[in-house]
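Report on one structure; see the data block that follows.
The values are calculated or read from the model by the stated rules, or taken from the named source; none is laboratory data. The structure presented is a predicted model; accordingly, all values stated were derived computationally and were not measured. In this analysis, Cβ positions are derived from the backbone assuming ideal geometry, glycine residues included, and neighbour counts consider all displayed protein chains. All accessible areas refer to the heavy atoms of the entire protein, side chains included, with ligands and DNA or RNA removed. Shrake-Rupley method; radii C 1.70, N 1.55, O 1.52, S 1.80 Å.
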Amino acid sequence: MANSPSGDSVTDRLLRVLETFTPTRTVQTAAEIGRRAGLPTSTAHRLVGELVEAGLLERDEDRRIRIGMRLWELATRSSQALRLRQAAMPSMERVQARIHEHTQLAILEQDEALFLERLSSPDSGANVTRVAGRLPLHASSSGLVLLAFGSRELQERILAAPLAPVSRETLTDAGALRRKLAEVRRLGHAIAPGYIEAVSTGAAVPIRDETGTVIAALSAVLPRDAAVDPPLVELHGAAREIAAALRDHG
Ligand code: PHB
């Protein structure tokens, strides 16, 4: 890729532009994008213009910029995430209809839990999760499952880094986290009471592929003092069903 005078490639700059969009910042002006991406104004305007032309970004009547549908289309079309989500949807819908609480699907992505789907009803309680949003591995029930059944290298990397608190009850001590991960492996599920928010408890189970490798986590976000056993029975059943669907139709 051709490099700019500052030495970064076209791909670097493109990525920096796209990464200025977040789950909570979905609309920006070209100038804001440039500032947040650390690009000179003229470069930002040119790059944004080219991306709008290609459909990867879209410009509304107020000339504000959003992620374009074409980018969604290209990214979604052939991804492994889509295949997993499709295999999981029928089971997730059943779990959600039975437990009436948030039901969600996450995978490991660059040392975080990335959420592919979240099903909720209007009367479900608090939940910070967003589709295509991320949560820290050590703080969320899904993350704890992905970490506990992840590689040794992943575990040591996370345990060696500072464990940032998300709530007052997040495990921020490496020893406590190590013990929690052993518990998750022993029980076959993770319970995260108040680790993200004092008002809720996360409960998650692993989804395995045909070789037994954990490829995703299926979780429920419950009111803090709700019973966890009935949702866990539903989640375990659904995880087995999803694994079978991936095997049969994958
Ligand atoms: C969790 O999975 O532990 C979790 C996720 C989102 C919340 C609360 C808990 O809002």
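Shape class of segment 1-132 from the alpha-carbon gyration tensor: prolate, with a/c at 1.5 or above and a/b greater than b/c.
Between ALA97 and THR11, residue separation times 0.36 nm minus the direct Cα-Cα distance comes to 26.6 nm.
Within segment 158-250, what whole-number % of the accessible surface is contributed by carbon and sulfur, with the 1.4 Å probe and all protein chains included in the calculation?
The nonpolar share, carbon plus sulfur, comes to 54 percent.
Please give the calculated 222 nm ellipticity per residue for the chain, where each DSSP H segment of at least 4 residues contributes -39500 (n - 2.57) and the sum is spread over every residue; nearest 500 deg cm²/dmol? It lands at -14000 deg cm²/dmol. Projection of the Cα convex hull of segment 80-248, averaged over all directions and equal to a quarter of that hull's surface, yields 8.8 nm². When the Gaussian network model of the chain links Cα atoms closer than 10 Å, the mean-square fluctuations of PRO231, PRO136, PRO165 top out at PRO165. Would you please state which residues of segment 66-96 a label at VAL27 would reach in this model, taking the label point 7 Å out along Cα→Cβ and a backbone N cut-off of under 15 Å? Counting only backbone N, you get 66-68. Highest mean first, the peptides 91-101, 206-216 sorted by other C-beta atoms within 10 Å per residue fall in the order 91-101, 206-216. Can you give me the relative contact order of segment 80-248 as a percent, contacts being Cα pairs under 8 Å and 6 or more apart? Dividing the mean separation by the residue count of segment 80-248 yields 23 percent. Put simply, when 142-154, 62-74 are sorted by average Cβ atoms within 10 angstrom per residue, most first, you get 142-154, 62-74. Convex hull of alpha carbon positions in segment 10-75: directionally averaged projected area 4.2 nm². Let me make sure I get this right: for segment 148-232, a, b and c are the square roots of the gyration tensor eigenvalues over alpha carbons, sorted descending. Under 1.5 in a/c it's rounded, otherwise prolate if a/b > b/c, else oblate. Which is it? Oblate, because a/c is 1.5 or more while a/b does not exceed b/c. These residues, THR103, THR24, THR11, THR43, go from largest to smallest accessible area, 1.4 Å probe, as THR24, THR11, THR43, THR103.
The Cα atoms of segment 63-105 give a gyration tensor whose axes a ≥ b ≥ c have a/c of 1.5 or more with a/b no greater than b/c, which makes the shape oblate.
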